[in-house]
Amino acid sequence: MGRWEPNARGRLEQAAMELYSESGYEQTTVAGIARRAGLTERTFFRYYADKREVLFAGAASLQELFVTAVAGAPAAAAPIDAVAAALDAAASLFQERREYSRQRQRIIAANPELQERELIKLASLSAALAGALRERGVAEPAASLAAQAGTAVFKIAFERWIDGPGEPDMMRLTRESLEELKAVTAGR
């Protein structure tokens, strides 16, 4: 093994995804991931706390993207419209990573431990959105309601995007899902 090769994180992620798909999450070890990537276990642990975190390493960045977009929404925007700005920002980020997202979701769907971690990630995202809305002066329970609704819209649009035929547009699906929510709550 060489002393240094570029893109260790990317190689570890790719190796993990390959092994999770080939052998299953449960049967994959950190040693196997490191070996497949041509790296050491020690290098693995520089980037990830455990093998599960390979699948969730981007959660903090996604959360920051949502919070930043809510904070940057026009001051006069209604809470749900500030959340819509965050949904648009996330859709732009995901659009180029559809195949990775599909593979990741298949792995998560096959493992209850990972499903639980995904739910925790979504709950954390919702709490961060509610906090960003409160920073904008949105009172409770409106901040939490808008954040929970936005998280649900994101989840539904994401599922439609990864399961849809062809090359669906994540932003279009997100906007459609948000409009559907608005129609449901308006009684249309």
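Assess whether Glu96 counts as being in the same structural domain as Ala147 (by TED's automatic domain parsing), surrounded by fewer than 14 Cβ atoms within 10 Å (Cβ to Cβ) and within 21 Å of Ala127 (Cα to Cα). Give the derivation first.
Working: in the same structural domain as Ala147 (by TED's automatic domain parsing): yes; surrounded by fewer than 14 Cβ atoms within 10 Å (Cβ to Cβ): yes; within 21 Å of Ala127 (Cα to Cα): no.
Criteria not met by Glu96.
Given the criteria exposed (fewer than 15 other Cβ atoms within 10 Å of the Cβ) and either modelled with pLDDT of 95 or more or of a type in the set (A, V, I, L, M, F, W, C) (or both), does Ala86 qualify?
Spelling it out, it is not the case that Ala86 is exposed (fewer than 15 other Cβ atoms within 10 Å of the Cβ) and either modelled with pLDDT of 95 or more or of a type in the set (A, V, I, L, M, F, W, C) (or both).
In this structure, does Leu133 turn out to be touching a helix residue (DSSP H, G or I) at 6+ places or on another chain (Cβ under 6 Å), part of a helix (DSSP H, G or I) and closer than 30 Å to Gly24 by Cβ?
Working: touching a helix residue (DSSP H, G or I) at 6+ places or on another chain (Cβ under 6 Å): yes; part of a helix (DSSP H, G or I): yes; closer than 30 Å to Gly24 by Cβ: no.
Judged against the criteria, Leu133 is not a match.
Need the failing condition index for Met17 against (1) modelled with pLDDT of 95 or more; (2) assigned by TED's automatic domain parsing to the domain that holds Ile162; (3) of a type in the set (A, V, I, L, M, F, W, C), just the number.
(2) is the only condition that Met17 fails.
Select, from Ala127, Ala85, Ala90, the only residue that is farther than 27 Å from Val54 by Cβ and touching a helix residue (DSSP H, G or I) at 6+ places or on another chain (Cβ under 9 Å).
Working: Ala127 fails: farther than 27 Å from Val54 by Cβ; Ala90 fails: farther than 27 Å from Val54 by Cβ.
Result: Ala85 is the single residue among Ala127, Ala85, Ala90 that is farther than 27 Å from Val54 by Cβ and touching a helix residue (DSSP H, G or I) at 6+ places or on another chain (Cβ under 9 Å).
Return the total of residues in the stretch 55-73 being part of a loop (DSSP other than H, G, I, E, B) and farther than 26 Å from Gly10 by Cβ.
First, the residues of the stretch 55-73 that are part of a loop (DSSP other than H, G, I, E, B): 57-58, 73.
Filter once more, keeping what is farther than 26 Å from Gly10 by Cβ: 73.
Summing the residues that are part of a loop (DSSP other than H, G, I, E, B) and farther than 26 Å from Gly10 by Cβ in the stretch 55-73 gives 1.
Select from the stretch 25-80 the residues that are surrounded by 15 or more Cβ atoms within 10 Å (Cβ to Cβ), polar (S, T, N, Q) and not assigned by TED's automatic domain parsing to the domain that holds Ile108 and write down the one among them that is farthest from Leu145 (Cα to Cα).
Result: Thr43.
Of the residues that sit in the stretch 81-100 and are of a type outside the set (Gly, Ala, Ser) and under 12 Å from Gly150 (Cβ atoms), which one is nearest to the chain's Cα centre (by Cα)? Please lay out each step first, then the result.
Quick first cut of the stretch 81-100, residues of a type outside the set (Gly, Ala, Ser) only: 81, 83, 87-88, 93-100.
Then drop every residue that is not under 12 Å from Gly150 (Cβ atoms), which leaves 81, 83, 87-88.
Details: Asp81: 20, Val83: 15, Leu87: 11, Asp88: 13 Å.
For the stretch 81-100, the residue satisfying everything is Leu87.
Only one of (1) part of a helix (DSSP H, G or I); (2) within 28 Å of Ala90 (Cβ to Cβ) is not met by Ala76, so which one is it?
Failing condition for Ala76: (1).
Among Glu159, Glu118, which is the only one that is acidic (Asp, Glu), within 13 Å of the chain's Cα centre (by Cα), assigned by TED's automatic domain parsing to the domain that holds Asp81 and surrounded by 14 or more Cβ atoms within 10 Å (Cβ to Cβ)?
Working: Glu159 fails: surrounded by 14 or more Cβ atoms within 10 Å (Cβ to Cβ).
Only one candidate passes the filter, namely Glu118.
The values are calculated or read from the model by the stated rules, or taken from the named source; none is laboratory data. Worth saying up front: this structure is predicted, and the values here are computed from it rather than measured. Cβ: placed from backbone, ideal geometry, glycine included. Neighbour counts: every protein chain shown.
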